[in-house]
Each structure stands twice: as C-alpha cells, then as structure tokens.
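The values are calculated or read from the model by the stated rules, or taken from the named source; none is laboratory data. Predicted model only: the values in this text are computed from it and were never measured. As a convention, Cβ positions derive from the backbone with ideal geometry for all residues, glycine included, and neighbour counts pool all protein chains shown. The accessibility values were calculated without ligands, DNA or RNA, using every heavy atom of the protein model including side chains. Shrake-Rupley method; radii C 1.70, N 1.55, O 1.52, S 1.80 Å.
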Amino acid sequence: MAERHIDHIEVEIDGVRRAVAVDLDESPLGWLARRRGRDGRSFIAPVQLIAGERLRADFTRAGMAPRLTANWDAVTRTDRAGGGAGLNASEAMLAARQRVGRAMEAVGPEFSGLLVDVCCFLKGLEQVEQERFWPARTAKVVLALGLDRLARHYGLSAAAQGPARARTPPWQDPAPPH
C-alpha cells in the first residue's frame, strides 16, 4: 500500500480553532505545497494551503458538493429535545454555506470559480487550464493570487503583524532622566 501524506493544519470551525488532518495526496493544494520551485520555495505557502483547506472544509460541511450516493443522514439521525450545545446539522450547513458565500464574495469573480474548482472539486491545474483555454502554467499563478486574497479574507498571514510602534503603557515608561 502506498504511503499517505497526512498533515495536520489548524483551521477555525464555528469560531473554534481545531487541528484537522489533511490528506495531501488527495488535494491539488497538498501537491503544490509539497513541490518546490527553482528558488527552493513551495509553489504555495502554508498560509495559502490553510486558506484553501478551510474553504474546502466549509464547502464540504455546507453539503455543496454533488452527491454520488444516497443520503443516509436522515435515516440514522435522532433529534433529541434539549440536545447538546451548538448548531444542529441544518444550522451548521447553513452557517457553512454563508461562510463560503462570504469567502467567494471577498475573493471576487476573478478568483472564485478557480478556487472552487481546485480547492473544493479537487481539479488539477492542467485540467483547469484546458477547460478555461488558458496557457500552460497560468493556473498556478492565478491560484496563488486567489489563495492570497482568500487568506486575507480569513485573516491569515504568513507572519504576525502589529502596529509599527506600539504605545508603551505608563507603568512601563522609562524613568525620566535626572
């Protein structure tokens, strides 16, 4: 059996940060994250991978992918009065749909279709280029730009940033010279 490339990334789900396992062989983003360019850097940055996988998680949670089999959830689910805290399944799906909608609105029409194709439907870059009649190796550049915009929407960045000069609290001010 072939070795799987499972990695753990941290994503925010329903306001809670959680570590999730990602099969890097399954996702075109995982493939791009493992490959290196001539300069030795990954084709996509870790923050771009996290943004794309977060979109994919919401897309899946929202039930937006076409079903290939029967939906057995309705048969096996039992709704109890006074159930546990949190959202029920339909509320969670609706919330995920809203998150996907906000993300697509934030990245704009230039990038939304490509991001859905690659991140959610797991299409390869060559397939996207063929379907859109783009020149070879164009999708990688456009995808990187779209993932940057998606990461910005999610509030992700490669490095923590704060104000150029933070105000010093009065109790930390150095003593005035004598």
| What pairs can you find where one residue is in the stretch 103-117 and at positive phi and assigned to a helix (DSSP H, G or I), the other is buried (at least 19 other Cβ atoms within 10 Å of the Cβ) and of a type outside the set (Phe, Trp, Tyr), and their Cβ atoms are less than 7 Å apart, with a gap of 6+ or different chains? | none
| request: Please work out which residue is least open to solvent (accessible area, probe 1.4 Å), limiting yourself to the stretch 97-117 and to residues that are farther than 18 Å from LEU29 by Cα and among the acidic types (Asp, Glu). | output: GLU110
| Residues satisfying the stated conditions in the stretch 141-158, i.e. assigned to a helix (DSSP H, G or I) and open to solvent by 40 Å² or more (accessible area, probe 1.4 Å) | VAL141, LEU145, ASP148, ARG149, ARG152, HIS153
